[in-house]
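Have a look at the structure below before the remarks.
The values are calculated or read from the model by the stated rules, or taken from the named source; none is laboratory data. Please read these numbers as outputs of a predicted model, since none were measured by experiment. Here Cβ is always computed from backbone atoms with ideal geometry, including for glycine, and neighbour counts include all displayed protein chains. Just the protein is used for accessible areas: all its heavy atoms, side chains included, with ligands, DNA and RNA removed. Shrake-Rupley method; radii C 1.70, N 1.55, O 1.52, S 1.80 Å.
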There are 2 protein chains.
Amino acid sequence: MIDPPTESTETHPGEIGLVRWKDYVHTGAFTFESGEKIPGFTLRYETYGKLNPQKDNAILICHALSGDHHCAGIHNLNDKKQGWWNNMIGPGKPIDTNKYFIICSNCLGGCQGSTGPKSINPETGNPYNMDFPLVSIRDMVRSQYLLLREGLGVESIYAVIGGSMGGMQVLQWGIDYPDFVRKLIPMATTARQNAQAIAFNEVGRLAVMQDPEWQNGAYGDGKGPNVGLAVARMMAHITYLSDAGLEEKFGRDKVKPNEARSQFDAEFQVESYLRYQGQSFISRFDANSYLYLTKALDRFDLFGESGQLEDRVKAIRARTLVVAFKSDWLFPPAQNRAIVHALLRCGCEASYAELDLTLGHDSFLVNAPDLYQLVHNFLNA
Amino acid sequence: MIDPPTESTETHPGEIGLVRWKDYVHTGAFTFESGEKIPGFTLRYETYGKLNPQKDNAILICHALSGDHHCAGIHNLNDKKQGWWNNMIGPGKPIDTNKYFIICSNCLGGCQGSTGPKSINPETGNPYNMDFPLVSIRDMVRSQYLLLREGLGVESIYAVIGGSMGGMQVLQWGIDYPDFVRKLIPMATTARQNAQAIAFNEVGRLAVMQDPEWQNGAYGDGKGPNVGLAVARMMAHITYLSDAGLEEKFGRDKVKPNEARSQFDAEFQVESYLRYQGQSFISRFDANSYLYLTKALDRFDLFGESGQLEDRVKAIRARTLVVAFKSDWLFPPAQNRAIVHALLRCGCEASYAELDLTLGHDSFLVNAPDLYQLVHNFLNA
């Protein structure tokens, strides 16, 4: 099923302005890496800019765990919240909508419009919940491929770009569709989850699954393990930042005295900030999706059985720029460098940049001219 | 009330062997730093070795958040679990029971026999629960002072030694009782909790307080927010270790296939290990104590209003050896160095050692000859 690209409307010079999402509905069965099947799926996506007549200017953006398809522009004129990478994507910006046709879809297994655990299983009329198949990074990439090929008629991609879980997808894209993609920019990512990252995800999952409201995943609409999901999110959020970044932003600053009603209410600003992060997350994220997506992260392992990263990345034909951040302790520079080293050992064209931004893992999202220049130059080289 | 020192019995050469705990019961009112009072308190403690006639060979050990008074020896001949610092304390060991009289007490606010939230308030006949006063590191130290002076008749301490929360107490000892203590060894500690450490504690507290079984702290005996407390402990436990240490110990090793009954059961060894840590913690720790003790950590701030660490540590007269661990990211070396620098700027006698152990924050607990030698030499210099 083919949807025309979403048209964007410039409301302010230099900004994408109004955008609308679309749904790609794949009506054939989809078999997961695990061997399990669903009878079809939907990917919600947005596009910005125009596909050129040669159909060779498409750029795919892959979002991180808690991200979605809305990576640039606004949804209505009163919308104060722009897409999550609006600073990076737009007319004249590093990922230039005047030049490129940009696509971003909510990932398979997600909960922002794409098919995931909370979607209705057409065979039962009920939500999949925990009957949803285990989704892998590879499954996410294949569903995106179907969107691009069958949904948008794109015959090749100029670049795939993304950070964190998005970066894993970028690598998987290069491996699974080597002739379809010309450039890759994985950022703040890893070729496999290490023990510490798995450990944090596991604690988050247990917080969700042990919340009595989880109900083995069969909580109803508007209900759910909100307490557990908020705890999981708050903990994860700490891992996306950095010691120095938190110290710079909050230090030991206190909330206003009248805001703390008891001695165990939020006393420090950082506590208040985290509570807000937890609460806002539960209003937009499905707890079962959180389980499935974190599991996809934990199972991601390009080293594979052989323990040789080269065995996987040698398939890559695209030019690759890996971007790491010194303050990222979730997927630290060494894990990013390992990708570049493996690519170089395989004779692939790969570059590495390590930026000294202080925000930690989430540095790929911040306003950083150094990062903009890297992305701009690599795309236009 | 004076209890005679616990006698220890050597069952094996080189080991302390059987030890018994005792209770020091302070019958007078105790006023907390907050101004709140309790009518009296108990500290549970153990001692090893003998106080010499000059009464100048006492060493006080201060335990960390989840530790207790049982730091060496065994409680019965079938006891397979030795005290938490048995590798460090014993005949001929770095903290030598042939030479020193060693004391360790469960901290005020704790739950292993000392007065804390789950103790009975004699004025109501019910547990204090959340009516227990906010306890500070300073309150813990003052209650230890009363144990030593009034309970054990000790007139001075040769050394105070402890890691993490114990290290905070060590510093506070030097500041509050400068003429009572000759040597200090704070390890893996900080002069103030920074934003990241507060953030992790806050998420742990919320996991506890939002567990429906918490009941505003008034859960009954044998009940409680076990789910929340286990989540808090699992998360905290990750922060006590290190990326490299976890990778070395677990990597991506999987549990045996038949141990995982569903796709979200523990799949990786690190998950199984953390689940065990969480479960064993709830059997020995009180959830309200966890709230109070983490709050004491978060409020600890020797920089104070002035922002000048020197203003506090200039009171210290003891010779101080600060020990930090390169892989400790909870209280990283820089935070330990800051203590030494402030001491040196004040003209105090201070040394610093930074050990390259890989276990992270908990490195002070491991079998490490370098650490043993440091402690031994500093005590016997």
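Worth pointing out:
- Among the residues of region B:98-125, the one identified as under 30 Å from B:G49 (Cα atoms), open to solvent by 20 Å² or more (accessible area, probe 1.4 Å) and in contact with a strand residue (DSSP E or B) (Cβ under 6 Å, 6 or more places away or on another chain) is B:G113.
- Residue among B:D328, B:D298 that alone is under 17 Å from the mean Cα position of the chain (by Cα), in a loop (DSSP other than H, G, I, E, B) and not basic (K, R): B:D328
- Condition met for A:H361 (in contact with a Pro (Cβ under 6 Å, 6 or more places away or on another chain), at pLDDT 95 or above and in a helix (DSSP H, G or I)): no
- Residues in region A:331-358 that are part of a helix (DSSP H, G or I) and not hydrophobic (A, V, I, L, M, F, W, C): A:P333, A:Q335, A:N336, A:R337, A:H341, A:R345.
- Taking the criterion of being open to solvent by 50 Å² or more (accessible area, probe 1.4 Å) and of a type outside the set (D, E), the residues of region A:126-150 that qualify are A:N126, A:P127, A:R138, A:R142, A:Y145, A:R149.
- Residue within region B:224-245 that is surrounded by fewer than 16 Cβ atoms within 10 Å (Cβ to Cβ) and more than 8 Å from chain A (Cβ to nearest Cβ) present: no
- Any hit, region A:315-330, residues being in contact (Cβ under 8 Å) with a residue 60 or more places away in the chain, of a type outside the set (G, A, S), away from every other protein chain (no Cβ under 14 Å) and touching a Cys at 6+ places or on another chain (Cβ under 6 Å): yes
- A:G278 vs. criteria within 12 Å of chain B (Cβ to nearest Cβ) and within 25 Å of B:F264 (Cβ to Cβ): yes
- B:D253 vs. criteria farther than 30 Å from A:E267 by Cβ and modelled with pLDDT of 95 or more: yes
- The single residue among B:K118, B:K37, B:K81, B:K22 that is touching a Phe, Trp or Tyr at 6+ places or on another chain (Cβ under 9 Å), more than 18 Å from B:A159 (Cβ to Cβ) and without any contact (Cβ under 8 Å) to a residue 40 or more places away in the chain turns out to be B:K22.
- Of all residues in region A:62-97 being in a strand (DSSP E or B) and open to solvent by 10 Å² or more (accessible area, probe 1.4 Å), the one that is farthest from A:S363 (Cα to Cα): A:I74
- A:T42 falls short on exactly one of the conditions (1) open to solvent by 10 Å² or more (accessible area, probe 1.4 Å); (2) on the phi > 0 side of the Ramachandran plot; (3) touching a Ser or Thr at 6+ places or on another chain (Cβ under 7 Å), and that condition is (2).
- Against the conditions (1) outside any strand (DSSP E or B); (2) more than 14 Å from chain A (Cβ to nearest Cβ), B:I59 satisfies every one except (1).
- Scanning region A:214-223 for residues that are open to solvent by 40 Å² or more (accessible area, probe 1.4 Å) and either free of Cβ contacts under 8 Å to residues at least 24 places away in the same chain or not in a helix (DSSP H, G or I) (or both) gives A:Q215, A:A218, A:D221, A:G222, A:K223.
- Members of region A:304-326 that are over 23 Å from A:F378 (Cα atoms) and open to solvent by less than 40 Å² (accessible area, probe 1.4 Å): A:G304, A:G307, A:L309, A:E310
- If you go through region A:264-291 and pick out every residue that is open to solvent by 10 Å² or more (accessible area, probe 1.4 Å) and out of contact with any Leu (no Cβ under 8 Å at 6 or more places or on another chain), you end up with 13.
- Residue match in region A:103-121 (condition: assigned to a loop (DSSP other than H, G, I, E, B) and more than 16 Å from A:F285 (Cβ to Cβ)): no
- The residue that is farthest from the chain's Cα centre (by Cα), counting only those in region B:243-295 that are among the charged types (D, E, K, R) and part of a helix (DSSP H, G or I), is B:E259.
- Listing of helices (runs of 4 or more DSSP H) fully contained in region B:124-213 that carry 2 or more residues being within 11 Å of another protein chain (Cβ to nearest Cβ) and more than 17 Å from the chain's Cα centre (by Cα): B:195-209
- The set of residues in region B:42-77 being farther than 27 Å from B:M234 by Cβ, at pLDDT 95 or above and aliphatic (A, V, I, L, M) consists of B:L43, B:L51, B:A58, B:I59, B:L60, B:A72, B:I74.
- The residues listed here are B:R337, B:R345; of these, the one that is within 26 Å of A:L246 (Cα to Cα), more than 18 Å from the chain's Cα centre (by Cα), surrounded by fewer than 16 Cβ atoms within 10 Å (Cβ to Cβ) and free of Cβ contacts under 8 Å to residues at least 40 places away in the same chain is B:R337.
- For A:F250, the conditions (1) among the aromatic types (F, W, Y); (2) over 22 Å from B:V231 (Cα atoms); (3) more than 9 Å from chain B (Cβ to nearest Cβ) are fulfilled apart from (3).
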